[in-house]
Each structure stands twice: as C-alpha cells, then as structure tokens.
Amino acid sequence: MSQDYDRNAEDFFRKLNRQVREDHAGIRDRNAKREAVWRQSPAMRMASNLLQGPFGHEPVGEEEHAVMLLRAREAYMREPLVRRYMNHLEHSHRPHSNTEWWHALGHQYIVAAQFTQANTFDEAVRNYQSQTPSIPIMLDGRLFRPGGLVPEIGPREFSYEWMGRVMRSMTYLWHQNTYDAAVAAPLVPHVFQPNALPFDDLFFSFENAAFVSPTDSAMATDLDGGTLIPTISETWWIQISRLADAGVALVFDRYLVPRVSDYVHQSHIMFEPIPYGARWPEDFEGYDSHVIVGAVLRMLAFMQAPFVDATTSARELPRDIRKEYKREGKQAPLKEVSVITLRARLYEPTFVPNGEVTNGSGRVYQHSWWVNGHYRWQWFPSTKEHKLIAIAPYMKQVGKPLLPQIRDVSR
C-alpha cells in the first residue's frame, strides 16, 4: 500500500476514535441528566427502565451492552417476519436464496439478530469447547485485540452499535443478474469520495452466495485445537456505513463451510475501512478483502446509473405475514426496500437502409459492434467534483452488419 494510504488509514481511525470518545461523553452527560430527574421521581425511573425510548438509560460499558443485546435478540426472534423468513430458508424449493423483496428485509432482521450473538475468537473457542450448540459468530479480531484499531470500543458495544446501523440502513436486494452486471466490468483508477454513497447506511442482501471461494485457498482455524482447515468461503450480505468525515466502513459476513468432515461451520463478521482519499487500485492491493471492496465500489456506482432503478419505496409485507402481526397485536413494519433492476432492455440496433455511418475521422466502417459496459471517472463541472459512473453497453455503427466478437468469460 502507498504511504498516502497509510496516512489516510491512520487519519480514518483517529477520526473514528474521536467520534467514539465524543459519543461516550454525550451518553454520560445524558444519563447524568436523567439520573437527576429520577432522583426527584422514582416512578419516572421505573417507567424509563420499562419503556426505554428517549428517557431510558443508555448503556455504558460491556456489561450493560450485553444486557441490551440479550433483550434485543429476544425481541427479534419474536418477530413474525423473522419466523417466516427462517421458515423460507429452511423449506423453500430454492433454499438459502433471496428472491422477493421481503426476503431482503427478513435477512436484515436476521443479521441484526446475529450481532446479538457475536463473540471474539477466544470467546467462540470457549463456547465451542463447552459444547454450546450453535454456529459460532465471530467479530473481526483486528478490532478488539490488545492495541486494536478502535481500542475504546469493546465487542459488545461494537455489536450494539452495528446492530442499530443495520436496522436503520436502506435495504437493497441484488438479484444474481444485476449483481453480475454490476461487477462484470473492470474498475478504472479513481479516488474514493463521499459522493460514492447515496445514503449514510446501506444494507445489501444477495439472491445467492457472492464472492464464493470454492478452492482450498480459504483457510480457517478450527475451534477445537487450533488446526488450519480448508474451507469454502461465501458472503450473503454487506452493510455499508458512512463514518462522518473519516470515510466508510464495510461490515460483511464471511461464512466458512469446512471441506473436511467433523469440523464446525463458522460465521465471521468482517470489518474493512475505506478512508476518503483512498485510491483504487493501489491503496487496496494488500487488502485481504480486495475483491469485495472492488465489487462494492462498482455496485455503488452501478446503482446510481441512469439506466438502473434503485429507487427505494415503502412496501407492505405480504398479507399472510401482516395477519400474523395482527393476531399478535403488533404493528407490521413498513420499510423502504429497493430491488435493483435495469430500467429498460439494453439498446438494440435498428436497420438503416443504405446508410453509411462514419466516425469523426471520416473513416467508413462496414460493421457494427457492441461496446462493453464499463466504469468512468467523470468530471462534473456543475458541481466541480469527480464521480465514478457506470456506462451501459451500447452499439456502435447502428444498421451495419454485426461484427462477431469472441469474449473471454472465464472470469
């Protein structure tokens, strides 16, 4: 990585630590004011503890955050949407696939619930050795080891923070065809800027597993003895958050399926920073998640292209799920969700009889040909900024006989 990137990354975490310290100070001040009110009215303390909300005590420290995570998990698992989505995953004719918009929303709830059970690697080892019957969910160890990237944040607090970020994120479902279209073209050199994100928090749910590594190159540490074992690595969701003036954080799952029997599956929640000012590709070449970062940069540009419909709209859950909410006396969530789609078919040529089309040099071409979709680092004079944009495939020299092309699709 370049020295400029090292400075950007250092600045990223310095700003992030500053934000954390300011947030902690704000929480302590708000709790002190509430304590002053509660001393005057013990009934207000009782009501606040029951209802939480704006007058409730905000958690401080690992122990209080652990209690809040336990309460949150119990609430999530009682949601009819969660129960219905888990039933879909288990019994669908296409298991473990997200095809309808409400699948993406159910997926979002499940991911938030996963954060309530996330542990460090050492905690996962202890739980596994004590025969705790569940797939371990592990947080990126770079955050919490001694001298970690954000030393002010413990694993429970990080989980609580990101559980909230997941739930407030705009929800997007990427069907396999639109995902393939977004990541197919090469990514041009550019500088990462705040205008890359349409919203502060986004949640991407994939129809099928993405970034699958079916070879033996993906290795994981076994929880029972520390042996390195070959695995299949795949990703089902990505959450993207703007962190004020520091940059963007990618938080995503890396689900590891052992290629050797008698070893436990593992779910890793990974954290990857993208500082503002970072340059693609040179600043990311040493990333363990280089491929995922590149794909996310493409998808962010693709979904803002004029030929792509990424509009979020408020959607009601299917009628049978709403009836379950009604039977339980609950309000069904009304959430804005986007299903990424192409606005129209790719441009198709029309026949121009006896037409001769030339380029600017005056040369006459005898054939037409397809120009691949690609990304461009475009300058916008009106806003005086560069922006990464997606260009749709199009045909040159419309009306001439189509020139056959051989394409390498091995990638």
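The values are calculated or read from the model by the stated rules, or taken from the named source; none is laboratory data. Values in this document were obtained by computation on a predicted structure and should not be read as measured data. Here the Cβ positions follow ideal geometry from the backbone for every residue, glycine too, while neighbour counts run over all protein chains shown.
If you scan the stretch 266-285, which residues turn out to be in a loop (DSSP other than H, G, I, E, B) and in contact with a Phe, Trp or Tyr (Cβ under 9 Å, 6 or more places away or on another chain)?
Correct list: Y276, G277, A278.
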Residue match in the stretch 244-265 (condition: in contact with a Pro (Cβ under 7 Å, 6 or more places away or on another chain), assigned by TED's automatic domain parsing to the domain that holds F203, touching a residue at least 60 places away in the same chain (Cβ under 8 Å) and small (G, A, S)): yes
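Being of a type in the set (F, W, Y) and under 26 Å from S233 (Cβ atoms) is the requirement here; does F271 meet it? Working first, answer last.
Numbers: of a type in the set (F, W, Y): yes; under 26 Å from S233 (Cβ atoms): yes.
Yes; evaluated as a whole, the condition is true for this residue.
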Residue ID - surrounded by the fewest Cβ atoms within 10 Å (Cβ to Cβ), chosen from residues in the stretch 255-283 that are modelled with pLDDT under 85 and of a type in the set (D, E, K, R): D262
